[in-house]
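The structure under discussion appears below in the form of structure tokens.
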Amino acid sequence: MALCVLSVAGMGQAQVMGEEAELDRLRVKAEDAMGNDDAESAAMSMGRAALMAGQLAKRQSDSGLQHTFKTAEHLYRSQEHGYRAIALFRRAGGELPASAGVCGSLQLAQLELQHAQEGLNRQVQAPATNAHAARLGTVRQTTDDWTTLLESMHADFRCSR
């Protein structure tokens with residue numbers, strides 16, 4: 001009986017690890033899409049990554065890791081809205097100043113970014129594992145990089161704040 005319980009617990013852990021790998025794959029897929037000037041595909045991949053991060057947050061027993069995934073969910077939502085703004089801008093012909101729809105998407109991106117930054121500022125506990133520390137470091141660095149990029153997008157698209 002104990003072997004059966006251990007086996008089921010091991011499968012649950014394997015599923016979470018598989019979902020973390022899928023989360024990372026979706027992030028890379030979005031970055032690749034942006035590298036290929038495909039903002040629409042990048043937005044869809046980041047939306048899926050945000051959903052996956054939210055699911056992973058709900059399944060964590062470690063509150064620190066749960067908080068990290070929740071923060072990542074906000075970051076990925078911000079990136080999704082930002083990439084969607086780029087796609088809308090291009091679809092509309094790239095005329096400046098950008099449309100209200102583009103600027104609205106950037107405002108949503110900014111709001112989600114603020115939630116991510118708040119999450120990073122109130123990290124509940126130090127990472128318990130090296131893997132958690134690495135994931136938190138990636139979220140922190142990506143948030144810093146995305147902050148700079150989002151600020152320049154507001155200026156480039158001539159959107160008021």
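Going by the conditions given, is Arg161 modelled with pLDDT under 95 and among the charged types (D, E, K, R)?
So Arg161 passes the test.
Going through the stretch 87-109 one residue at a time, which ones are touching an Asp or Glu at 6+ places or on another chain (Cβ under 9 Å) and in contact (Cβ under 8 Å) with a residue 40 or more places away in the chain?
Ala87, Phe89, Arg90, Leu96, Ala98, Ala109
For Val124, are the conditions met, namely being touching a residue at least 40 places away in the same chain (Cβ under 8 Å) and within 30 Å of Leu65 (Cβ to Cβ)?
yes
Taking the stretch 28-85, which residues are over 30 Å from Ala155 (Cα atoms) and of a type in the set (D, E, K, R)?
Once the filter is applied, which keeps residues that are over 30 Å from Ala155 (Cα atoms) and of a type in the set (D, E, K, R), the stretch 28-85 yields Lys58, Arg59, Asp62.
Determine whether Met17 is at pLDDT below 95 and under 19 Å from the mean Cα position of the chain (by Cα).
Yes, satisfied.
Give me a count of the residues in the stretch 86-131 that are within 18 Å of His154 (Cα to Cα) and outside any helix (DSSP H, G or I).
Result for the stretch 86-131: 8.
Which condition number in (1) in contact (Cβ under 8 Å) with a residue 60 or more places away in the chain; (2) hydroxyl-bearing (Ser, Thr, Tyr); (3) farther than 26 Å from Gly35 by Cβ is the one that Thr142 fails?
The single condition Thr142 does not satisfy is (3).
Just one of (1) surrounded by fewer than 16 Cβ atoms within 10 Å (Cβ to Cβ); (2) at pLDDT 95 or above trips up Met11, so point out which.
So Met11 meets the others, but not (2).
Looking at the stretch 26-39 only, could you name the residues that are surrounded by fewer than 16 Cβ atoms within 10 Å (Cβ to Cβ) and either in contact (Cβ under 8 Å) with a residue 40 or more places away in the chain or part of a loop (DSSP other than H, G, I, E, B) (or both)?
Answer for the stretch 26-39, where residues must be surrounded by fewer than 16 Cβ atoms within 10 Å (Cβ to Cβ) and either in contact (Cβ under 8 Å) with a residue 40 or more places away in the chain or part of a loop (DSSP other than H, G, I, E, B) (or both): Asn36, Asp37.
Looking at Leu96, Leu149, Leu108, can you tell me which residue is surrounded by fewer than 18 Cβ atoms within 10 Å (Cβ to Cβ), in contact with a His (Cβ under 8 Å, 6 or more places away or on another chain) and not hydroxyl-bearing (Ser, Thr, Tyr)?
Leu108
Keeping to the stretch 78-130, report how many residues are touching a helix residue (DSSP H, G or I) at 6+ places or on another chain (Cβ under 7 Å) and at positive phi.
Count: 0.
Please go through the stretch 47-73 and pick out each residue that is assigned to a helix (DSSP H, G or I), surrounded by fewer than 24 Cβ atoms within 10 Å (Cβ to Cβ), touching a residue at least 40 places away in the same chain (Cβ under 8 Å) and not hydrophobic (A, V, I, L, M, F, W, C).
Scanning the stretch 47-73 gives Arg59, Ser63, Gly64, His67, Lys70.
Yes or no, residue by residue, for (1) of a type outside the set (A, V, I, L, M, F, W, C); (2) closer than 17 Å to Leu56 by Cβ; (3) out of contact with any Leu (no Cβ under 7 Å at 6 or more places or on another chain):
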residue: Ala72; (1), (2), (3): no, yes, yes
residue: Arg77; (1), (2), (3): yes, yes, yes
residue: Gln107; (1), (2), (3): yes, no, yes
residue: Leu111; (1), (2), (3): no, no, yes
residue: Gln114; (1), (2), (3): yes, no, yes
residue: Pro127; (1), (2), (3): yes, yes, no
residue: Phe157; (1), (2), (3): no, no, no
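The values are calculated or read from the model by the stated rules, or taken from the named source; none is laboratory data. Source: prediction; values computed, not measured. We place every Cβ from the backbone using ideal geometry, glycine too, and count neighbours over all the protein chains shown.
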